[in-house]
Structure formats: C-alpha cells, structure tokens
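Structure, as structure tokens:
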Amino acid sequence: MIYATEPMTNTDESLIERINIGDDSAFELLVKKYQQKVFQTCVGFVHNEDDAADLTQEVFIRIYKRLHSFKGKSTFATWLYRISMNMSLNFLRKQKVKYLFMRIDQDQGEQEIISEERADQNILRKDERKKIASILQKLTTAQRKAFVLSHYQELSNQELADVLEITVKAAESLLYRARTRLREIVKENP
Amino acid sequence: MQCNKYIQNLTNIHSLDELSPEERDHIKNCSECEKETQAYLSFLLLVEKEKQTAVSPFISTRIMGKLQKTQKPFIPQLQTILLNTAVIIFTLMLGFISAYILDGNKIGSEQEEMVSQYFSSTSVGLNIEDNWLNNELYEE
C-alpha cells in the first residue's frame with residue numbers, strides 16, 4: 001500500500017468522492033498532487049521530456065474517464081502508477097513501430113527529421129538520456145518496471161509488489177536481478 | 001574481502017557513501033572492482049539526474065483545459081443537432097400550413113374526385129390513366 005502524508009480534507013478518497021459527484025476542482029487538486037510523480041514515471045520509461053509531458057496528460061485524462069471503475073482494492077497511487085507504467089510501455093511499443101517506418105523512409109526523409117529537432121536541445125542531456133535508454137532497453141520489461149518504479153519513484157519493495165501485483169519476495173528478487181543485469185551491462189559498455 | 005562478495009554487495013548500494021570501510025579498502029586495492037563501481041554508480045547518478053527533471057507547472061491547466069474540451073462538446077453538439085432538427089421541422093410545417101392556407105381551400109370537385117380515387121380506390125391511378133389514355137388530344 002502506498003501512503004502519503006496529507007491533510008485529512010484532501011485525502012485521495014475524499015477527492016475521488018468529490019470528483020465522482022462532478023467536482024472538477026477536486027480533480028485539479030488530484031492532478032497537482034500527483035503530476036510530478038506521474039511525469040517521473042513516464043520520464044523513466046520514455047527518456048524524453050516532451051513525450052513524458054504528453055503522456056502525463058493522457059494518463060490523467062484516462063484516470064478521469066475511468067475513475068468510476070476504481071474500486072479502492074489498492075490505493076489510488078498504486079492504481080495511478082500502474083496506469084502510468086502501462087501507458088508508457090504502450091507508447092514505447094508504438095514508437096518502435098513508428099521508428100521502423102522512419103527507418104524505411106530515412107533515405108527520403110532524413111533531412112526533414114533532423115530539421116524538426118528543437119534548436120535549443122541540450123546535446124549533453126540528450127546523450128545522457130540516450131545512454132540511460134539504451135542501457136535500460138537491455139533489461140526485460142519486468143526488470144525495467146521494477147527498476148524505474150524503485151529508482152524514479154523510490155517505491156519500497158512492498159509498494160513495488162502492490163503496483164506489479166506480485167509478492168514482496170518476488171519484487172525484491174526482480175529488483176535485485178535488474179540491478180545485477182544493469183551492473184553487467186554498464187561494465188560491458190562503460 | 002573477495003571480489004565476488006564485494007560485487008554482490010555493490011548491487012544494493014546507490015552511492016560511494018554507502019560503502020563500508022572494508023569495501024572501501026577493497027576498491028583501493030582492486031582496480032577491476034573500482035572500475036566496475038565507478039561505472040555502475042555513474043550510471044545511477046545519470047538516473048538520479050534524469051529523475052530531477054521537473055514537470056511544467058502549467059501541466060494541470062493544460063490537463064483541465066483538455067478535459068473540458070473532451071467533455072463539453074457532447075452537450076453543445078446535442079443541442080446543435082436538436083436545434084437544427086427543430087428548425088427543419090418548423091420550416092417544413094410552415095411550408096405545409098401555408099400551402100394548405102393558400103391552396104387548400106381552392107380544391108375543386110375534379111381534384112377532390114382524384115384525391116378520393118387515389119386514396120379509396122383499389123386500383124389506384126388506373127381510372128386517371130384511362131382518362132388520359134383515352135383522351136381525344138392523346139388520340140390525335
């Protein structure tokens with residue numbers, strides 16, 4: 001279970017109740033409370049600020065539309081992280097397909113793609129992100145989920161287990177394997 | 001300390017500060033482990049740096065704006081459709097009523113016969129067609 005310290009009036013449950021009776025200002029409070037967390041999760045998977053911001057928007061819109069289906073079996077934060085994680089992974093799958101088409105058209109469209117890059121992009125930052133992405137890509141999906149949730153969200157093993165719907169022991173083991181694999185990868189590609 | 005044990009422990013640390021004195025001594029004497037530690041921790045540092053990226057403070061405004069856009073159109077669209085339908089029905093009714101007022105009272109006996117034939121006859125239109133076919137003008 002994921003607990004957050006918050007005033008009694010703005011607990012997730014009370015905000016959700018208010019949203020369900022049509023109070024949109026409660027949803028805005030919920031967005032403000034979790035926007036950074038959702039954004040961090042998305043960044044951890046997509047490694048691009050603009051894409052992560054777009055994804056954050058989509059996550060909250062989906063949350064709003066599906067809030068009636070949230071039964072409270074897990075905490076709201078657990079549910080939110082699970083949706084953020086799944087939407088980020090779906091986004092990556094779509095990106096892969098897009099990238100394939102881009103490669104096919106690369107001969108004709110290379111000039112166009114380069115010119116579309118933002119002029120003010122920080123090259124060093126971009127390289128660092130590329131490096132993180134290329135290393136994390138070598139993990140299995142489950143290992144990547146565990147690593148991102150643990151390192152970008154600082155979730156405890158219990159919280160990780162709740163989000164991934166596995167036992168705490170399995171979560172611990174998954175995280176350990178992810179870190180071991182990462183250590184090996186960075187050793188091979190320093 | 002053996003390299004295997006050191007490397008196993010390395011998996012659970014996030015910074016050099018977390019190393020025990022024994023482990024520190026080990027990397028001082030083992031260049032291979034020192035190299036591996038540096039590579040792993042500098043990767044974790046990159047992750048930490050990326051994690052610090054802050055979301056735009058306007059994102060909540062953007063989300064609320066997008067929500068209003070996706071929510072509201074349904075009602076205005078429904079209103080527009082209903083309004084357009086009402087206008088069309090009203091125009092048609094106005095047309096029928098005005099036609100009835102202007103023309104309806106002037107229905108002659110021949111027209112009445114045609115109408116009654118059309119609606120009550122079992123052979124709709126046949127009498128009318130016979131009349132037309134046997135018309136003198138037609139025979140010419």
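Read-outs: derived from the displayed coordinates by stated rules, not from any lab. Note that the structure is predicted; figures quoted are calculated from it, not measured. Backbone-built Cβ (ideal geometry, glycine too); neighbour counts: all protein chains shown.
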Exercise. Looking only at residues in the stretch A:151-165 that are within 12 Å of chain B (Cβ to nearest Cβ) and crowded, with 20+ Cβ neighbours inside 10 Å, which one is nearest to A:Leu182 (Cα to Cα)?
Worked result: A:His151
Exercise. Across the stretch B:55-73, what is the total count of residues that are within 7 Å of chain A (Cβ to nearest Cβ) and not in a helix (DSSP H, G or I)?
Worked result: 2
Exercise. From the set of residues in the stretch B:25-49 that are more than 8 Å from chain A (Cβ to nearest Cβ) and buried (at least 16 other Cβ atoms within 10 Å of the Cβ), which is nearest to A:Ile132 (Cα to Cα)?
Worked result: B:Leu41
Seminar exercise, completed: In the set A:Tyr64, A:Tyr81, the lone residue that is within 19 Å of the chain's Cα centre (by Cα), without any contact (Cβ under 8 Å) to a residue 60 or more places away in the chain and closer than 17 Å to A:Asp12 by Cα is A:Tyr64
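Give the residues of the stretch B:1-24 that are closer than 16 Å to A:Glu184 by Cα and surrounded by 15 or more Cβ atoms within 10 Å (Cβ to Cβ), sorted by residue number.
The initial filter retains those residues of the stretch B:1-24 that are closer than 16 Å to A:Glu184 by Cα, namely B:3-14.
Correct list: B:Tyr6, B:Ile7, B:Asn9, B:Leu10, B:Thr11, B:Ile13.
What do you reckon, is B:Gln52 surrounded by fewer than 16 Cβ atoms within 10 Å (Cβ to Cβ), of a type outside the set (D, E, K, R), more than 8 Å from chain A (Cβ to nearest Cβ) and under 21 Å from A:Ala133 (Cα atoms)? Please lay out each step first, then the result.
Numbers: surrounded by fewer than 16 Cβ atoms within 10 Å (Cβ to Cβ): yes; of a type outside the set (D, E, K, R): yes; more than 8 Å from chain A (Cβ to nearest Cβ): yes; under 21 Å from A:Ala133 (Cα atoms): yes.
Yes: the conditions hold for B:Gln52.
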